[in-house]
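In what follows, a structure is listed as structure tokens, so that the remarks can point back to it.
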Amino acid sequence: MKEKYQILARRYRPQSFKEVIGQDSIVKTIKNSILYKRIAHAYLFSGTRGTGKTTLARLFAKALNCKNLKEETEPCNVCGSCTEIATSRSLDVIEIDGASNRGIDDIRQINDTIGYSPSGKYKIYIIDEVHMLTKEAFNALLKTLEEPPENIKFFFATTEPQKVLPTIISRCQRFELKRISNELIIDKLSAISKDLEREIEKDALYQISNFSEGSLRDAQSLLDQLFCYSDGKITLEYVNNALGFIDPDFFFELDSQISKANTSFAFDFVNKIHSLGKDLSYIIEELIEHFKNLLILKFNAKASKFLSEAILKKYVLSSALYQEEELFYILDTLTQATILHKNYFKKIHLETVMLKIIKSKNVLSLDILVKRLIELEKSLQSNQISNIEKKEPPQKNEFFQKQEPSKNEIDLQKVNFNLEETKKSISKDQSHYDTLVRFAQVELDAINKT
Ligand SMILES: [Zn+2]
């Protein structure tokens, strides 16, 4: 008989606490409460989608009712209670989807069944998306929460804890689940691929985890789809096509065109993306990701460890084309664009942004301008110092031999003397200074106009 197909997220759902990834401190707290038998009446698991809220709630429920705990805290997954919970047949662990059972009648049903004692140790209600309940339902629930019998437990899960009544939250022990890191998601996806005997490129895994934004379930669903559509090895190119990402080489080409200040490339770039039918606001996010990677390389090459050697090499080459400040300027321009045109990103908007970015080679940011002015001023001063030193070297030696003052004193005297000289020279060189200020004015105007 052909085995029934099970989606990856379900097939690889953790059956024990040690299989849970990315939520170590919460797992530790839960295990301790099982170990020391200090169980609260209600728990609230909050966090973004796909981070393991209901998985943890189910594991906790399983462990509480397991007849044969392993290592004192892990559910055995063999006893009657464990297998019933795993197949959703348990009468003691009742799962309610708050999104579709949000009315007062649904909660009344809970209140009505609470009186019946569980066949195991505890009767546990797991309410998913609890924030979706109506106000009346919340109030009905609150009554139950105020004085629940000792063997009744509530596990709530929500992606939006701010929408849960404070009076409910205050009666719960709260667990805030973290987004799962790319590193952990990639490890998990690698393990799944290996188990399924499927080949997948490292860059492809990186792209999937990046796209999933810390949601393991999303990442697993994507992997599932990719495996379904292709029998062969999953490459980065395949993932990019499937997810609608742009070929990274197109971004590296952009880097090279920016370094040449080739403004006409702005239109070529947008035309190409437009003709591919890509969502333009989404491209901005991809551009941000690209320039962020370049900036990370400027600071710390280790941050890009998930990229393959080939891609990393291209990033290193591109990164050398920019100054740190230029990358900050570009990222700033891109994030401003997303704020401005959040809901209606048109072709013309993208063209303007791209023109601005390519032209940024010629436009100095305010930061760079100020930095350059300071440098110019410093070099003016140091020229004076070196001139003075050139003029009067013998005196300096005599000074050392005769008086033998401490080094600090010498520096202080020298600096005071030089400052006076510099002031004089600046006033003498007023015309040069004026030119500098005019130059600054022109650059500022250019920034304001773009
Ligand atoms: Zn068990």
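The values are calculated or read from the model by the stated rules, or taken from the named source; none is laboratory data. Not measured: the values here are computed from a predicted model. All Cβ positions, even for glycine, are placed from backbone atoms using ideal geometry, and neighbour counts span all protein chains on display.
Points to keep in mind about this one:
- When we screen Ala204, Ala191 for residues that are without any contact (Cβ under 8 Å) to a residue 12 or more places away in the chain and not assigned by TED's automatic domain parsing to the domain that holds Phe269, the only hit is Ala191.
- Which listed residue, of Val239, Val316, Val270, is out of contact with any Cys (no Cβ under 6 Å at 6 or more places or on another chain) and in the same structural domain as Ile192 (by TED's automatic domain parsing): Val239
- Pairs, first of a type in the set (Gly, Ala, Ser) in the stretch 59-71, second more than 10 Å from the ligand (Cβ to nearest atom) and in a helix (DSSP H, G or I), C-beta under 6 Å, six or more apart: Ala63/Ile34
- The stretch 214-235 - residue that is free of Cβ contacts under 8 Å to residues at least 60 places away in the same chain and either within 22 Å of the chain's Cα centre (by Cα) or within 23 Å of Lys314 (Cβ to Cβ) (or both) and, of those, surrounded by the fewest Cβ atoms within 10 Å (Cβ to Cβ): Lys233
- Among the helices (runs of 4 or more DSSP H) confined to the stretch 299-381, the ones with at least 2 residues that are modelled with pLDDT of 85 or more and either among the small types (Gly, Ala, Ser) or in contact with a Gly (Cβ under 8 Å, 6 or more places away or on another chain) (or both) are located at 309-319.
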